[in-house]
Amino acid sequence: MSVKNNTEIKNARLIEIFSAIQGEGLNVGTRQIFIRFALCDLRCHFCDSAHTWSVPTSCRVEQTPGLRDFEIHPNPVSLPVLLKWVQRQNAPLIHDSISLTGGEPLLHASFLVEFLPQVRSATGLPIYLETGGHRPEQLDMILPYLDSVGMDLKLPSVSGESRWQEHANFLQLCKKAQLEVFVKIIVSQNTDPTELKHSGELVAEVSPDIPIFLQPVTPLESSVALSTQMPMLAPEPAQVLKWQSLMKKFVNQVRVVPQTHKMLNQL
Ligand code: SF4
């Protein structure tokens, strides 16, 4: 193993660590310690986290859970230091779980293989992974250390990304490991219903018991999608109702939930 690879495994490249209410998916409303990793290899048109696409020279670390009293530290961060910061956040009776988010946390799978067993044992908190759902090989590396997974299913008509086979393989792995998993699909006025149908079939083929969350896109500040310069508008109510009933033909639970943390003015 090269020195560079060894360094990458032993160190995390981070954006930030903070405590907040989870605003999306199955864990909505619960309190989590968020570890936001740098780097993403997708370029979703609706991305509101483009600042995560590369590794910044420094990351910000909340000192007191929820107070946003960030201190700044240089990247990368060693495993013992990250462990210490997460333990500091883990005050009694506050958090329900730890959220691995990004960017794409699975780009750090080699680091997570070392880190996750230690952070689980140090905090006793369940580990939740938020992911683009397109890296099944990396998921396989850390499956034993996860408790639940929120997988984005990227619709080409909304995200500009097309990862159907990867998504199918990813969900199969979650099912085999008997992990709690749900699928989140961002929908906009541009959503192609044939892609929603395909998504429903894909999920149902793995298991009709996997819940699907349709998440109306949160319009970007500029209301223009990154890279396409196309308007990125939330769907009309009538569209959402129609799509929810379409998806119910395939899976048992289809919920429509917007990004609630933005309503609470959480990060
Ligand atoms: S996967 Fe997430 S972070 Fe990456 S481009 Fe898409 S929305 Fe942005």
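Please pick out the residue among 248, 184 that is of a type in the set (D, E, K, R), modelled with pLDDT of 95 or more, in contact with a Gly (Cβ under 7 Å, 6 or more places away or on another chain) and at negative phi.
It is 184.
Give me the residue from segment 22-56 that is assigned to a loop (DSSP other than H, G, I, E, B), under 12 Å from the mean Cα position of the chain (by Cα) and not hydrophobic (A, V, I, L, M, F, W, C) and, out of that set, surrounded by the most Cβ atoms within 10 Å (Cβ to Cβ).
Filtering first and then ranking leaves 22.
Take residue 92 and tell me if it is over 26 Å from residue 28 (Cβ atoms) and either exposed (fewer than 15 other Cβ atoms within 10 Å of the Cβ) or more than 15 Å from the chain's Cα centre (by Cα) (or both).
When the stated conditions are applied, residue 92 does not pass them.
Taking only segment 40-60 into account, find how many residues are touching a Phe, Trp or Tyr at 6+ places or on another chain (Cβ under 7 Å) and either at positive phi or not hydrophobic (A, V, I, L, M, F, W, C) (or both).
Selection size over segment 40-60: 1.
Being closer than 23 Å to residue 26 by Cα, surrounded by fewer than 22 Cβ atoms within 10 Å (Cβ to Cβ), more than 16 Å from the ligand (Cβ to nearest atom) and over 17 Å from the mean Cα position of the chain (by Cα), is that true of even one residue in segment 62-75?
yes
Contact list please: Cβ distance under 6 Å, first residue in segment 46-59 and without any contact (Cβ under 8 Å) to a residue 60 or more places away in the chain, second residue near the ligand (Cβ under 7 Å from one of its atoms) and assigned to a loop (DSSP other than H, G, I, E, B), pairs at least six apart or on different chains.
52/40; 52/102; 52/103; 53/40
Please state which of the following conditions residue 200 fails to meet, knowing it meets all the rest: (1) buried (at least 18 other Cβ atoms within 10 Å of the Cβ); (2) within 16 Å of the ligand (Cβ to nearest atom); (3) among the small types (Gly, Ala, Ser).
Residue 200 satisfies every listed condition except (2).
Could you tell me which residue of segment 186-202 is nearest to residue 169 (Cα to Cα), considering only residues that are in a helix (DSSP H, G or I) and in contact (Cβ under 8 Å) with a residue 40 or more places away in the chain?
By that ranking, first place goes to 202.
Suppose we keep only residues that are without any contact (Cβ under 8 Å) to a residue 60 or more places away in the chain and crowded, with 21+ Cβ neighbours inside 10 Å within segment 95-129. Which one would you say is farthest from the ligand (Cβ to nearest atom)?
Restricting to residues being without any contact (Cβ under 8 Å) to a residue 60 or more places away in the chain and crowded, with 21+ Cβ neighbours inside 10 Å, the top hit is 119.
In this structure, is residue 185 away from the ligand (no atom under 16 Å from the Cβ) and either touching a helix residue (DSSP H, G or I) at 6+ places or on another chain (Cβ under 8 Å) or not hydrophobic (A, V, I, L, M, F, W, C) (or both)?
For residue 185, the condition - away from the ligand (no atom under 16 Å from the Cβ) and either touching a helix residue (DSSP H, G or I) at 6+ places or on another chain (Cβ under 8 Å) or not hydrophobic (A, V, I, L, M, F, W, C) (or both) - is not met.
Quick check on this structure: which one of 178, 253, 165 is within 30 Å of residue 145 (Cβ to Cβ), of a type in the set (S, T, N, Q), surrounded by 14 or more Cβ atoms within 10 Å (Cβ to Cβ) and at pLDDT 95 or above?
Unique residue meeting the criteria: 253.
Quick one: residue 139 ticks every box in (1) under 18 Å from the mean Cα position of the chain (by Cα); (2) closer than 29 Å to residue 194 by Cβ; (3) of a type outside the set (Phe, Trp, Tyr); (4) surrounded by fewer than 19 Cβ atoms within 10 Å (Cβ to Cβ) except a single one, so which number is it?
Condition not satisfied by residue 139: (4).
If only one of 214, 241, 153 is hydrophobic (A, V, I, L, M, F, W, C) and loosely packed, with under 15 Cβ neighbours inside 10 Å, which one is it?
241
The values are calculated or read from the model by the stated rules, or taken from the named source; none is laboratory data. In this text, all values refer to a predicted model and were calculated from it rather than measured experimentally. In this analysis, Cβ positions are derived from the backbone assuming ideal geometry, glycine residues included, and neighbour counts consider all displayed protein chains.
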